[in-house]
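See structure below.
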Amino acid sequence: MWRGATLILPLGIGAAVYGFAFGVLAAQVGFPAWGIGLMSVGVFAGSSQIAAVDQFATNGAVAGAVVSGMALNLRYLGIMASLSEVLRATPLMKKLLAVHVTADENWALTMSERARDPSVDADFLIGSGLMVVAMWTGSTVLGAWIGAGVPDLSGYGIGFAFTAAFIAMARGLWRGRRDLLPFASSFAATAVLVRFEVDGAFAILGGAAAGIIVSGAVRLAVAGRAGTAPEHPS
């Protein structure tokens with residue numbers, strides 16, 4: 001656990017930077033610092049927290065916040081499936097803790113270290129995850145505390161930190177030219193839905209559905225040309 005906690009520090013610092021920006025902007029729309037801290041520990045999903053605060057700020061719809069958060073976190077189904085070997089012999093309560101503290105950063109680090117050292121296990125995942133939780137929560141609370149006591153910061157462009165974070169996440173998922181069509185389809189579908197003033201949460205779902213459908217069609221087309229069954233998505 002200690003090894004995981006120390007190795008994750010550089011990635012944790014990166015998460016803390018946009019965690020701070022998230023805290024500032026959340027405070028600007030009325031969230032108290034204690035509420036942001038509670039959300040960061042209890043939800044611990046940066047993209048979902050950003051989407052939820054955006055929903056609350058624009059229309060106050062709890063349902064929209066939940067739907068957008070679920071859509072953004074669908075990727076964790078695949079992430080947790082990829083950790084099945086790491087968690088196979090782990091007791092239930094420890095496994096649940098590991099599931100909660102798994103984020104993009106410590107998942108990527110765990111898989112990378114395990115590729116070099118098969119002995120890397122759930123303890124490494126949990127140790128690195130707890131460190132990210134601490135850094136994320138601390139940065140969001142600090143941002144909320146500062147944001148509550150200063151004038152509107154929207155003119156400084158801090159809001160772009162969210163957009164930059166999502167761009168960074170998308171770049172991390174990019175595997176090459178085969179992803180171009182699904183990415184473009186998802187982007188186009190979301191843009192059209194937003195243009196027609198569809199609620200942001202449902203625009204996210206629509207874009208995700210478009211990307212999944214096109215990705216499946218591409219896989220089937222490739223498999224058909226090769227004369228084989230489509231490979232199982234990892």
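Odds and ends about this structure:
- Positions within the range 90-130 being closer than 19 Å to residue 37 by Cβ and open to solvent by less than 50 Å² (accessible area, probe 1.4 Å), in sequence order: 101, 103, 129
- For the range 5-27, a tally of residues being open to solvent by 10 Å² or more (accessible area, probe 1.4 Å) and closer than 13 Å to residue 103 by Cβ returns 4.
- The set of residues in the range 181-216 being farther than 20 Å from residue 73 by Cβ and part of a helix (DSSP H, G or I) consists of 181, 184, 185, 188, 191, 192, 194, 195, 214, 216.
- For the range 33-68, filtered to residues that are of a type in the set (A, V, I, L, M) and modelled with pLDDT of 85 or more, the residue that is most open to solvent (accessible area, probe 1.4 Å) is 38.
- Residue 2 modelled with pLDDT of 80 or more, open to solvent by 70 Å² or more (accessible area, probe 1.4 Å) and within 16 Å of residue 135 (Cβ to Cβ): yes
- When restricted to residues that are within 20 Å of the chain's Cα centre (by Cα) and either at pLDDT below 90 or of a type in the set (Phe, Trp, Tyr) (or both), the range 142-185 contains 21.
- Residue check, residue 30 open to solvent by 30 Å² or more (accessible area, probe 1.4 Å) and either more than 14 Å from the chain's Cα centre (by Cα) or in contact (Cβ under 8 Å) with a residue 60 or more places away in the chain (or both): yes
The values are calculated or read from the model by the stated rules, or taken from the named source; none is laboratory data. Predicted, not measured: the structure shown is a model, and the values here were computed from it. Neighbour counts run over all protein chains shown; Cβ positions are idealised from the backbone, glycine included. Remember, those area values only see protein heavy atoms, side chains included, never the ligands or the DNA or RNA. Shrake-Rupley method; radii C 1.70, N 1.55, O 1.52, S 1.80 Å.
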